[in-house]
Amino acid sequence: MLSDEVLALGIQQGQSGDLVALVERHYSALMGYLYRMTGGNRMLSEDMAQETFLRVMQGIASYQFPRPFKPWLYAIATNLARNFFKQADTRHTISAQDSTFEQTDDPFISPEVSVLAYDESQQVIHALKSLPAHQREVVILRYYQELSLAEIAEILNIPVGTVKSRLSLGLRKLREVMEQQNQ
């Protein structure tokens, strides 16, 4: 299996099949990241994931092999999300209207367990929305996307120490919000 970096180099050289491989490899995880970044808005996160890959194609010439591809990809997605929320007309209109409950098709999971799991995930999404954007980004990248501190630092273009600080503060605030929700 070719590495992400080799596939990105292939895209630079005009091999469109390499883009398909990268999309298949990263789309689901990127969707999950953007879903959490948008507060559970599925349609918006799908649009942003597609836009991220469009921007990968537009900016592939700026990718520098053998730089790790995944942090470069997530930097594009993060900047896209940041820019979206900076727009004055969207800042106050984003809601969780698209965070509808999706029933699982797994016959071994009871409907009650599905509902409880969904309810828990909505509590976490709500708590994540209460974090400042710079803390939310770090928490999601670390615990949902399972990126290293160094990768997060590269994505956000900040020192590793700043990542650690934001992570610590974000987790503390997240814990407080979750405790308040459960009272």
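The values are calculated or read from the model by the stated rules, or taken from the named source; none is laboratory data. All figures in this text were calculated on a predicted structure; none of them were measured in a lab. Heads up, the Cβs are rebuilt from the backbone with ideal geometry, glycines too, and the neighbour counts pull from every protein chain shown.
Structure summary
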{"item": "Which listed residue, of Glu51, Glu24, Glu46, is closer than 18 Å to Ala75 by Cβ and surrounded by fewer than 20 Cβ atoms within 10 Å (Cβ to Cβ)", "result": "Glu51"}
{"item": "Wholly enclosed helices (runs of 4 or more DSSP H) of the range 131-183 bearing at least 1 residues more than 16 Å from Ala81 (Cβ to Cβ)", "result": "149-156, 160-181"}
{"item": "Test: residue in the range 67-83 that is at pLDDT 90 or above, part of a loop (DSSP other than H, G, I, E, B) and out of contact with any helix residue (DSSP H, G or I) (no Cβ under 6 Å at 6 or more places or on another chain)", "result": "yes"}
{"item": "Selection within the range 10-61 - under 28 Å from Val139 (Cβ atoms) and among the hydroxyl-bearing types (Ser, Thr, Tyr)", "result": "Tyr27, Ser28, Tyr33, Tyr35, Thr38, Ser45, Thr52"}
{"item": "Cross-chain or 6+ apart pairs with Cβ under 7 Å, the range 138-150 first and outside the structural domain of Arg82 (by TED's automatic domain parsing), then modelled with pLDDT of 95 or more and charged (D, E, K, R)", "result": "Val138/Arg166; Leu149/Lys164"}
{"item": "Hey, Arg55 within 22 Å of Pro159 (Cβ to Cβ) and either part of a helix (DSSP H, G or I) or at pLDDT 95 or above (or both) or not", "result": "no"}
